[in-house]
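Enquirer: One structure follows; several queries about it will come next.
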Amino acid sequence: MSKEIRIDKFIIHFTNKDVKRINIRVKAPDGHLFISAPEKVSIEDIKKVVLKNRVAIAKTVDRIKKKVAETPSCSYLSGDSISYLGENYTLLVDFVTHKRLRHIEINQRMHILRMETRETFSMEVRHQQLLSFYRVRLTEILNPLLEKWTQKLQVSIAKVRIKQLKSMWGSCSSSGNLSFNLALIKLPPELIEFVVVHELTHRLEMNHGDHFYAIMHKCLPDTQVLNKHLKSYTTEV
């Protein structure tokens, strides 16, 4: 069961789980901390960890809040800004009456996304249109990356799913099932590849120990830089 506590200036949602170490995640839009820790870890232990790392945590919270503040709210009308592959695209909306709507078209040179919709459609329906576009595009990006890195790492995988995850970019089960956050489509290509390599590395080492990071660094020498860059993005679509 999750407990909500305040430590210093941080709002923390703390849960004891079957995990091997303390995990701290900062969640948009309000910068709350979500902490999971092994069963034996107490609130006092968590307080010590948070206070010891409060400068680094505060910087991450500030980055997340700044990113949220800089992201304009979307009404799915022409002129809205849409995030795609690490850049902002201008949305052009065409209201149509014909039965079959065209897929969202992208003009990368002009940084424009053109979407056909109906004037009667709610904002939520238009949002789902964009998510469908995101899902197709992300699948097209992930497939060759997975083929490339499963061969390089000499690992096998089972099922691959794209989901809207609350606080993670991806996950890998011990049986080789991979889940990727749909929000990956908002990241620059090099960060998408970083997440793919991270999850596939779990096929060789499930824990985030020295062996895990040794494999990561061998695959991607800029792992630390990429990981820091990744933390400046939110996991919400």
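Enquirer: Pairing the Cα long axis of helix 210-219 with the longest principal axis of the chain, what angle in degrees results, from 0 to 90 and rounded to the nearest 10?
Expert: Long axis of 210-219 versus the principal axis of the chain: about 40 degrees.
Enquirer: Debye calculation, C-alpha points only, no solvent: report log10 I(q)/I(0) for segment 81-230 at q = 0.12 Å⁻¹, in the same order as the q values.
Expert: Rounded to two decimals, the profile gives -0.58.
Enquirer: To continue, here is another question. Using unit Cβ charges (K, R positive; D, E negative) and no other charged atoms, how large, in debye to the nearest 20, is the dipole of segment 21-144 about its Cα centre?
Expert: Its charge dipole is roughly 480 debye.
Enquirer: If you line up the long axis of helix 54-70 against the longest principal axis of the chain, both from Cα atoms, how many degrees apart are they, to the nearest 10?
Expert: In the chain, helix 54-70 runs at an angle near 10 degrees to the longest axis.
Enquirer: Sum -39500 (n - 2.57) across every DSSP H segment of at least 4 residues in the chain, then divide by the residue count to get the 222 nm mean residue ellipticity, nearest 500.
Expert: Calculated at 222 nm, the ellipticity per residue is -12500 deg cm²/dmol.
Enquirer: Sticking with this structure for a sec: What's the angle, to the nearest 10 degrees (0 to 90), between helix 43-52's Cα axis and the longest principal axis of the chain?
Expert: That helix lies at roughly 70 degrees to the long axis.
Enquirer: Just going by the charge dipole of the chain, with Lys and Arg at +1 and Asp and Glu at -1 on Cβ, which of T223, T60, Y84 is farthest out on the positive end?
Expert: Value: T60.
Enquirer: Just rank T201, T60, fewest to most, by other beta-carbon atoms within 10 angstrom.
Expert: Least crowded to most crowded, the residues run T60, T201.
Enquirer: Round to the nearest 0.05 the FRET efficiency obtained for S42 and K148 when R0 = 45 Å and r is the Cβ-Cβ distance.
Expert: 0.55
Enquirer: For segment 81-230, give the magnitude of the charge dipole about the Cα centre (Cβ charges: +1 Lys/Arg, -1 Asp/Glu; no others), in debye to the nearest 20.
Expert: For segment 81-230, the charge dipole is close to 420 debye.
Enquirer: Considering all projection directions equally, how large on average is the shadow of the alpha-carbon convex hull of segment 3-70, in square nanometres?
Expert: Mean shadow area of the hull around the Cα atoms is 4.3 nm².
Enquirer: Between V55 and H217, what is the spin-label point distance in nm, taking each point 7 Å from the Cα along the Cα→C-beta axis?
Expert: The answer from the label model is 2.3 nm.
Readers should treat all values here as calculations from the given coordinates under stated rules, not as data from a laboratory. What you are looking at is a predicted structure, and each value in this text was computed from that prediction instead of being measured. Backbone-built Cβ (ideal geometry, glycine too); neighbour counts: all protein chains shown.
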